[in-house]
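Engineer: I have a structure here, written as structure tokens, and I will follow up with some questions on it.
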Amino acid sequence: MFLYTYAHFWPIEKSNTKLMVMLDEEERQNSYISTIEAAFQSHEALKNRSRIAFNKVPPVYYDNSGWKRQQYLMMYADNFTSAEFVGFVDTDCMFITYVHSNDIFEKGKPVINGKSGDPHKRGEKEEQIWKEIIRTTFEFTGMKEPMKCMSYFPVVIRTKHIAAFRKFMEDKYKMPFYDIMREHISKKWFGQFDMFCVYLFNYHHDEYVWYVHNVSPGWGYEGAFEGMNTNHSIYTPEMFYPKPRIAIHGRYHSPEIYPATEFFYDLLKIGTCISPPFPKSNPVLQKECFLYQTENDYQTKLFIDMYQFEKFGFYK
């Protein structure tokens, strides 16, 4: 899901982006490793700009939870790259349109594209998880969540600020960061992007461009979770300007009544049709995009198959 849409929509060569897939050391001998490597080698732009890295972390630091382990590792991302910026995505991230540099950076600064609003509009289980994540962030950083930053991909951060965040926490707790995780945080629900976000908002605010999408206009902070910001004055009017999102959390969006494969194809088709070049130079794309634009019945839209997307991909 991620790799295919990344290869299709991201200008890999033009941006000189390098991709790292982080896997657990215990998985090194699994057969799917060769599948990933073969996918890298089959794509000209990915061939020399992608690699797999392995990590070995004692379970005590992430409460023996794979979900928490990947969050823990993001807090050490500077140990795996020397690049000025690092971008994070989940494996179910789907790019849905052509990616332009202005989607990621403005005036040389990374864009943070968060959300704010009523947190009660989720299922009961998810609501309780986010309630604890926000409380954990507040409890251990001492800062309230200005916005929900687990709301867009890629999450791009200046690499040096990851080490600075750990140093901030170490100064606060007077112990190494891994011990903070082991003793205080790992046994709770926590969110790495949430912690990054509150730290960057308060300590490196002017080194980023901030947007916030208010998903609950008119909400007066009734029933706000502990640790949520309830002071509207922290936002500037410019932060509420529209900022399109270039990717989605795929598994959160595929409706049960609509097969996931067709959902995937349809998003690829829509993204291709609304992306440059205009008009389409390939006759197949011209026909398919015209049908998409003029067809009213969502269920009977034509789809471009995988082979066609590989053949006509034009953002490399």
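The values are calculated or read from the model by the stated rules, or taken from the named source; none is laboratory data. Remember, predicted model here, so these are calculated numbers, not experimental data. Ideal geometry is used to build each Cβ from the backbone, glycine not excepted, and the neighbour counts take in all protein chains shown. SASA here: full protein model, heavy atoms, side chains in, ligands and nucleic acids out. Shrake-Rupley method; radii C 1.70, N 1.55, O 1.52, S 1.80 Å.
Engineer: Determine, for each peptide in 140-151, 191-202, the mean count of other beta carbons within 10 angstrom over its residues, then list the peptides with the highest first. Before the final figure, lay out each step's value.
Structural biologist: Numbers: 140-151: 20.2, 191-202: 22.0.
Ranked from most to least packed, the peptides come out as 191-202, 140-151.
Engineer: Report the label-to-label distance for Met175 and Phe80 in nanometres (one decimal), using points 7 Å from each Cα along the Cα→Cβ vector.
Structural biologist: Here the answer is 2.5 nm between the modelled labels.
Engineer: Can you list residues from other chains, or at least 5 along the same chain, whose modelled amide H is less than 5 Å from the amide H of Ile246?
Structural biologist: Sorted by chain and number, the residues that satisfy this are Phe153.
Engineer: In addition: Just the number please: accessible area per residue for the chain, 1.4 Å probe, all protein chains included, in Å². Walk me through the numbers on the way to the answer.
Structural biologist: Values: 16520 Å² over 316 residues.
Averaged over the residues of the chain, the accessible area is 52 Å².
Engineer: Note down the nm distance, to one decimal, between modelled labels 7 Å out along Cα→Cβ at Ala164 and at Ile33.
Structural biologist: 3.6
Engineer: Calculate what fraction, in whole %, of the accessible area of the chain sits on carbon and sulfur atoms when a 1.4 Å probe is rolled over the protein chains. Let's see the in-between values first.
Structural biologist: Working: 8760 of 16520 Å².
That fraction is 53 percent.
Engineer: Okay, next question. I'd like the distance between the alpha-carbon centres of the stretch 195-224 and the stretch 7-73, rounded to an integer number of Å.
Structural biologist: 30
Engineer: Assigning unit charges at the beta carbon (Lys, Arg +1; Asp, Glu -1) and nothing else, what dipole magnitude in debye, to the nearest 20, does the stretch 1-107 show about its Cα centre?
Structural biologist: Numbers: 10 positive and 14 negative charges, 42 e Å.
That gives the stretch 1-107 a dipole magnitude of about 200 debye.
Engineer: Taking a ≥ b ≥ c as the square roots of the Cα gyration tensor eigenvalues, with a/c under 1.5 meaning rounded and otherwise prolate when a/b beats b/c, else oblate, which class fits the stretch 121-164?
Structural biologist: Numbers: a/c = 2.95, a/b = 1.49, b/c = 1.98.
Oblate is the answer for the stretch 121-164, as a/c is 1.5 or above yet b/c matches or exceeds a/b.
Engineer: Which ³J(HN,Hα) values in Hz, rounded to whole numbers, follow from the phi angles of the stretch 60-75 under the Karplus curve 6.51 cos²θ - 1.76 cosθ + 1.60, where θ = phi - 60° and Gly and Pro get x?
Structural biologist: Using θ = phi - 60°, the values come out as 4, 8, 9, 6, 6, 10, x, 4, 6, 4, 5, 5, 4, 5, 4, 6 Hz.
Engineer: Can I ask one more? Among rounded, prolate and oblate, which fits the stretch 1-115 when a ≥ b ≥ c are the square roots of the eigenvalues of its C-alpha gyration tensor, a/c under 1.5 means rounded, and a/b larger than b/c means prolate? Spell out each step's value before the answer.
Structural biologist: On the way: a/c = 1.92, a/b = 1.26, b/c = 1.52.
Verdict is oblate for the stretch 1-115.
Engineer: Along the charge dipole of the stretch 106-159, Cβ charges K/R +1 and D/E -1, which of Pro154, Gly142, Val111 sits furthest on the positive end?
Structural biologist: Checking the options against the dipole of the stretch 106-159, the answer is Val111.
Engineer: Quick one: putting +1 on the C-beta of Lys and Arg, -1 on the C-beta of Asp and Glu, what dipole do you get for the chain around its Cα centre, in Debye to the nearest 20? Write down the numbers at each step before the final one.
Structural biologist: Values: 37 positive and 39 negative charges, 127 e Å.
Roughly 620 debye, rounded to the nearest 20.
Engineer: Classify the stretch 88-189 from the C-alpha gyration tensor, please: rounded if a/c falls under 1.5, else prolate or oblate depending on whether a/b exceeds b/c. Could the numbers behind the result be given before it?
Structural biologist: Details: a/c = 2.09, a/b = 1.24, b/c = 1.68.
Cα axes put the stretch 88-189 in the oblate bin.
Engineer: Determine ³J(HN,Hα), in whole Hz, for all residues of the stretch 176-188 in sequence, where each value follows from phi through the Karplus function 6.51 cos²θ - 1.76 cosθ + 1.60 and θ = phi - 60°; x replaces Gly and Pro.
Structural biologist: Values per residue, Gly and Pro as x: x, 4, 5, 6, 4, 4, 5, 8, 10, 10, 4, 7, 10 Hz.
Engineer: Spit out the partnerless Cys residues in the chain, using Cβ distances under 4.7 Å as the pairing rule.
Structural biologist: Those would be Cys93, since no other cysteine Cβ in the chain comes under 4.7 Å of theirs.
Engineer: Past 21 Å, Cα to Cα: identify those pairs from Lys47/Lys107; Lys188/Lys243; Lys18/Lys109; Lys115/Lys167, in the order given.
Structural biologist: Values: Lys47/Lys107 30 Å; Lys188/Lys243 32 Å; Lys18/Lys109 19 Å; Lys115/Lys167 27 Å.
Flagged as over cut-off: Lys47/Lys107; Lys188/Lys243; Lys115/Lys167.
Engineer: Same structure, new question: Considering only DSSP beta bridges with both partners in the chain, what is the antiparallel share in %, to the nearest 5?
Structural biologist: Values: 10 of 23 bridges.
The answer is about 45 percent antiparallel.
Engineer: Follow-up. Under a point spin-label approximation (7 Å from Cα along Cα-to-Cβ), what is the Tyr221-Val60 distance to one decimal in nm?
Structural biologist: Here the modelled spin labels are 4.1 nm apart.
Engineer: Now a separate question. Highest mean first, how do 154-162, 216-224 rank when packing is the count of other Cβ atoms within 10 Å averaged over residues?
Structural biologist: Working: 154-162: 20.1, 216-224: 11.4.
Ranking the peptides 154-162, 216-224 by packing returns 154-162, 216-224.
Engineer: Would you compute, from DSSP H runs of 4+ residues alone, the mean residue ellipticity of the chain at 222 nm, taking -39500 (n - 2.57) per run and dividing by the full residue count, rounded to the nearest 500?
Structural biologist: After summing the helix terms and dividing by residue count, I get -11500 deg cm²/dmol.
Engineer: What's the extension gain from Gln41 to Lys188 if we count 0.36 nm per residue and subtract their Cα-Cα distance?
Structural biologist: Details: separation 147, 0.36 × 147 = 52.92 nm, distance 3.98 nm.
Result: 48.9 nm gained on full extension.
Engineer: Using the Karplus curve 6.51 cos²θ - 1.76 cosθ + 1.60 with θ = phi - 60°, what ³J(HN,Hα) values do you get for each residue of the stretch 4-17, in whole Hz, with x for Gly and Pro?
Structural biologist: 5, 6, 4, 5, 7, 9, 8, x, 4, 6, 4, 8, 6, 6
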